[in-house]
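Coordinate-derived values only; no laboratory data. If you're wondering where the values come from, they're calculated on a predicted model, not measured in any experiment. For neighbour counting, all protein chains shown are included, and Cβ atoms are generated from backbone atoms with ideal geometry for every residue, glycine included.
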Amino acid sequence: MGISNKLATKIRTAAKSEVVSLPRPYEDAGAVVAAAVVRAASSTIGQLRLTSYTARGKDFLGVRQSRSTYISVVSVSQRGQSTWSVSLGVQTVSGWAFDWQVKVVLVDGATGITANITTPAALTRDGTLANKSAHGELRDLVLTGLRAGSLPGGGAEVAVSKAGLASRQLEPVREQAPGRTLRTRLRSGEILSALALVPFPVQDRHPGGVRWRLGESGALAGCVAQVSITADDAARSIEVHCPVQPSGDAVADALVAARASALFGAVERVMRRLDPGIERTTEPAGTLTADGRQGR
């Protein structure tokens, strides 16, 4: 029985590699979908009310297991825009006691975006993977979501978020994403063409710049960030900023700052594709009015 259990566990934890249909460019669009897929899958597992135990080794009578069983905790960590680690287990005085860990790594290559899913750590009971059904379900949910290539429904993640927010009252904050000023030799028309690739909904566009909506509904409805273009004889300055729009709500303010920061990064990336020599500066930029005159 022990050999058969170990073989079954080896099959369940075997690495999977698959090309998935995430939107591109990956840095601006695909990474957002991937992160949402991993979080939603982890949230679904977190609502199963699983139990984990801290005992190790063989326990034929189940005595140690019965004395060391606790409600499981799902932990999700992200490194950069391409690597996630999802763990199931419990916290102990000596650190985490993991049932298993699942690692998701996405690689953007010439043939597409490849998802690599591995199980680098696993606890077994006499060779059988602990909480094996949840392990398989998580891997299947992640792969299914990545194959779909679109944002998942928010039910699972919203339920977990509401429970977490209800645990304590958050204090209002005044958080703002710092603006950026970029210097480029591209012409204004080329700049506007590049900005059309920024994956945010456009509120309005004119020769002097672009305004994007940071969200369509909820706390982000009505929140915007914008680019203003200033021209001189040698180059153009691009000022990217998010007007101060504090709501007094900690979550809403943090969302605005995070979305604005993501948009600023997207603007800089699309500009660098056309002008690798673009520079960040600290000088304030003026603006161009709709008729092309310079102002402040």
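Quick look at the values:
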{"read-out": "Neighbour-count ranking [beta-carbon atoms within 10 angstrom, fewest first] of Ile278, Ile71", "value": "Ile71, Ile278"}
{"read-out": "Cα→Cβ-extended label distance, 7 Å offset, between Tyr70 and Ser261, nm", "value": "3.1"}
{"read-out": "Packing-based exposure ordering (other Cβ within 10 Å, fewest first) of His206, His241, His135", "value": "His206, His241, His135"}
{"read-out": "Inter-site label distance for Val202 and Thr144 at 7 Å from Cα along Cβ, in nm", "value": "3.7"}
{"read-out": "Residue order, fewest to most beta carbons within 10 Å, for Ser87, Ser17, Ser75", "value": "Ser17, Ser75, Ser87"}
{"read-out": "Label point distance in nm, Arg187-Thr118, each placed 7 Å from Cα along Cα→Cβ", "value": "5.0"}
